[in-house]
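Notes follow once the structure below has been shown.
The values are calculated or read from the model by the stated rules, or taken from the named source; none is laboratory data. Every value quoted in this text rests on a predicted model; they were computed, and no experiment measured them. Using ideal geometry, Cβ is built from the backbone for each residue, glycine included, and neighbour counts are taken over all protein chains shown. Quick note on the areas: whole protein, heavy atoms, side chains included, nothing else; ligands and nucleic acids left out. Shrake-Rupley method; radii C 1.70, N 1.55, O 1.52, S 1.80 Å.
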Amino acid sequence: MTEPTHDEAHGGALGERLNWLRAAVLGANDGIVSTAGLVVGVAGATDDRSALLTAGLAGLLAGSMSMAAGEYVSVSTQRDSEKAALALEKRELRERPEAELEELAGLLERRGLSREVASEAAVQLTERDALRAHARVELGIDPDRLTNPWHAAWASFLAFTAGALLPLLAMVLPPAHWRLAVTVASVLAALALTGWSSARLGAAAPPRAVLRNVAGGALAMGVTYAAGTLLGAAGV
Ligand SMILES: [Zn+2]
């Protein structure tokens, strides 16, 4: 599988879908690790199911809203700069069309077309839709498919929540003496799955990605459990 790029005209839709999928897997992974660390830490300090439920639920909501807000801000910023670049391009096309035609021909030539074919293609693309041609070839933007910040925010919220539900339910549903084992086992299994998926989507080597992801989660749970146990023993 190859890295999706923005300016592949026919691969654009697939690349976009892969980007969304990868973002969803990463969001779910975040939800799993941070909520698992939280509930395992609290479980180190107390057996109280309602304390575990409260901590896990608060972590789920705080994390998913923070992810959504961060995504909203970052996609909005990206969209603003894409819109600004398109507006500038529009003005340039209006004010100096010959220079823009020459620029487009030069860009197409640099992509491997001969001088004559590049000039002809630039003329035809400009006649059909000059702004779209410049947006795609020069800026690598599809003006019809700018990412909606609300969609991106909502998607991260859902992905994080889906991930966070796993450690939360694994901690509060089983009987008290099973909850830690069930949580650790299901979290590590889920991290193996998300590590494998994100490696496949990003064209990385799955075994190493799985190992890193599982080790990271194990470390997070180990550290918070140790901290929770110390605090619980100290009676804080
Ligand atoms: Zn241009």
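Annotations
- Whole-percent pair-distance distribution, where bins are 5 Å wide, for the alpha carbons of the range 163-223: 4, 21, 24, 22, 15, 9, 4, 2, 0
- Computed over the range 1-135, Cα set: Rg, Dmax in Å: 24.3, 77
- Seen against the Cα atoms of the chain and their longest principal axis, helix 12-45 is set at about 20 degrees.
- The stretch between residue 131 and residue 176 holds 9.9 nm of extra length on full extension. This uses 0.36 nm per residue minus the Cα-Cα distance.
- Distance from the Cα centroid of the range 60-117 to that of the range 169-236 is 40 Å (rounded to whole angstrom).
- Spin-label pair residue 92-residue 146: with each label point 7 Å from Cα along the Cα-Cβ axis, the two points sit 1.7 nm from one another.
- Within the accessible area of the range 18-233 (1.4 Å probe), percent carbon and sulfur: 66 percent
- Helix 176-201 vs. the chain, principal-axis angle (Cα, 0 to 90°, nearest 10): 20 degrees
- Between residue 99 and residue 81, the contour length at 0.36 nm per residue exceeds the Cα-Cα span by 4.2 nm.
- Given +1 at the Cβ of Lys and Arg, -1 at the Cβ of Asp and Glu and no other charges, the dipole of the chain around its Cα centre is 1040 debye to the nearest 20.
- Protection proxy ranking of 29-41, 54-66, 90-102 - average other beta-carbon atoms within 10 Å, highest first: 29-41, 54-66, 90-102
- Looking at the chain, the accessible area is 57 square angstrom per residue; that uses a 1.4 Å probe and ignores ligands, DNA and RNA.
- Applying Stokes-Einstein at 20 °C and 1.002 mPa s to the Kirkwood radius of the chain, computed over alpha-carbon pairs, gives a translational diffusion coefficient of 103 µm² s⁻¹.
- You can think of it this way: the chain between residue 229 and residue 19 has 71.6 nm of extra reach, that is 0.36 nm per residue less the Cα-Cα gap.
- FRET E, pair residue 110, residue 139, Förster distance 22 Å, beta-carbon r, rounded to 0.05: 0.90
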